[in-house]
């Protein structure tokens, strides 16, 4: 079996934004060299999808410039609309509500994308080609604007998940519904971002796979009490290649399932602040972070036996040159039960 492209995507942002701070700090930038060293030891190349507060952090910029100079990773763009200039109030309290970029008027969306893109390119002297939407809120207008700014690859799609219940603007409709989106990479159409087309913006979805029990008995997850018990005692419906959503066992299940399906890629996702004690609600102290690194040693060790580390830019180049079957229809197993979409209990 040929080596599977393995992409590490890091939402590179301020400290513990889950707490909705009014003053955003970036102390987590000092914790990134350890993670970078781990990735390099296994031959992997992280993609730091960077937002506004991190691109103005001198600590992060110094770290990232060194990484770029050595060719051991990539910088892309990540945009949190509520604190990225120009600041245009949308709700009564944007720092609390954290509205999605797609909830702003089109002209404001364009200007925010342009400002953050230019700042990233000026700070790093590299063209920005890769992107992930803040809070994963994405639509066709957003995709078209990214193409206009020169972006070529996005990784916002979380297949099988429905974020409509997670509000930004309290008057809005919540996040994006990815329930029926493909698992495999595909060129998306701005008229329907779930529909594969022949060229354009390459979508590289996160690696999320349904559990074996969900495949055999999906009805178990449709009954609230059974779902809660099954998530806690047996297996959640979805296994994420993401340590904030799945433990080591779940991440290994996701990778092994994807491999058995001859997946075109694997995407591991993490937030930069999760590498710092107290930087997230999941990894609250130094013990939690050390446990995370123990899990990553095991996970990366297994993946290194059958994967090759690539950046999003490199993956785009190889996929464009030889898209293979993954470009034909973007098909893959899909979750279609919204009742389980927000059940992301670590198990």
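Taking 35 Å as R0, compute the FRET efficiency from the Cβ-Cβ separation of residue 65 and residue 18 and round it to 0.05.
Efficiency computed from Cβ-Cβ geometry: 0.75.
Return P(r) of segment 4-340 (all Cα-Cα pairs; 10 Å bins starting at 0; whole %; ordered from short to long distances).
6, 26, 37, 26, 5, 0
If the chain between residue 198 and residue 107 were fully stretched, how many nm would it gain, using 0.36 nm times the residue separation less the Cα-Cα distance?
30.0 nm
Sort the following peptides by mean Cβ neighbour count (other Cβ atoms within 10 Å, averaged over residues), highest first: 169-175, 312-318, 133-139.
Order by mean packing, descending: 133-139, 312-318, 169-175.
In nm, to one decimal, how far is the modelled label at residue 114 from the one at residue 147, with both set 7 Å along Cα→Cβ?
It works out to 1.9 nm between the two label points.
By how many nm would the segment from residue 164 to residue 288 lengthen if fully extended, with 0.36 nm per residue of separation less the alpha-carbon distance?
41.6 nm
I need to check one value: relative contact order of the chain, counting alpha carbon pairs closer than 8 Å and at least 6 residues apart, in percent.
23
If I model a spin label at residue 92 and residue 317 as a point 7 Å from the Cα along the Cα→Cβ vector, what separation in nanometres do I get?
So the two model labels end up 5.2 nm from each other.
Which percentage, to the nearest 5, of the DSSP beta bridges contained in the chain is antiparallel?
30
Report the extension gain between residue 30 and residue 261 in nm, rounded to one decimal, defined as 0.36 nm multiplied by the number of residues separating them, less their alpha carbon distance.
79.4 nm
Which value in deg cm²/dmol, rounded to the nearest 500, describes the helix-derived mean residue ellipticity at 222 nm for the chain, given -39,500 (n - 2.57) per DSSP H run of n ≥ 4 and division by the residue count?
-10000 deg cm²/dmol
No value in this document is a laboratory result; all are computed from the given coordinates. All values derive from a computational prediction rather than experimental measurement. FYI the Cβ positions are ideal-geometry reconstructions off the backbone, even for glycines, and counts take in every protein chain you see.
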